[in-house]
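Shown next, in structure tokens, is the structure this report addresses.
The values are calculated or read from the model by the stated rules, or taken from the named source; none is laboratory data. Small disclaimer: the values here were computed from a predicted structure and weren't measured. Because the Cβ atoms are built from the backbone with ideal geometry, glycine has one as well, and the counts that use them run over all protein chains shown.
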Amino acid sequence: MATLRNMALRTLAQRVADALPAELAQEVVLTGGVSRGMADEVSDIEMLVVTREPLELED
């Protein structure tokens with residue numbers, strides 16, 4: 001059963017993914033405890049952002 005914290009972090013992750021420009025992010029994958037439904041009060045959001053081309057740190 002997903003906790004309220006887990007649902008809140010999933011919602012936030014979706015907002016971040018939706019805010020990424022489509023021309024930049026080809027795919028966004030949620031990983032870690034949130035993706036497994038195991039987030040707790042100290043969990044963070046881990047996301048893998050797949051880009052079409054390599055990016056420089058400044059980008």
Within region 1-34, considering residues that are charged (D, E, K, R) and either part of a loop (DSSP other than H, G, I, E, B) or within 13 Å of the chain's Cα centre (by Cα) (or both), the one modelled with the lowest pLDDT: GLU23
Residue list for region 42-59, restricted to those being over 15 Å from GLN14 (Cβ atoms) and in a strand (DSSP E or B): VAL50, THR51
Hey, ALA39 in a loop (DSSP other than H, G, I, E, B) and touching a Gly at 6+ places or on another chain (Cβ under 7 Å) or not: yes
Long-range neighbours under 6 Å by Cβ, at least six apart or interchain, first residue at pLDDT 90 or above within region 35-59, second surrounded by 10 or more Cβ atoms within 10 Å (Cβ to Cβ) and among the acidic types (Asp, Glu): VAL50/GLU27
Count - residues of region 1-50 that are in contact with a strand residue (DSSP E or B) (Cβ under 6 Å, 6 or more places away or on another chain) and of a type in the set (Ser, Thr, Tyr): 1
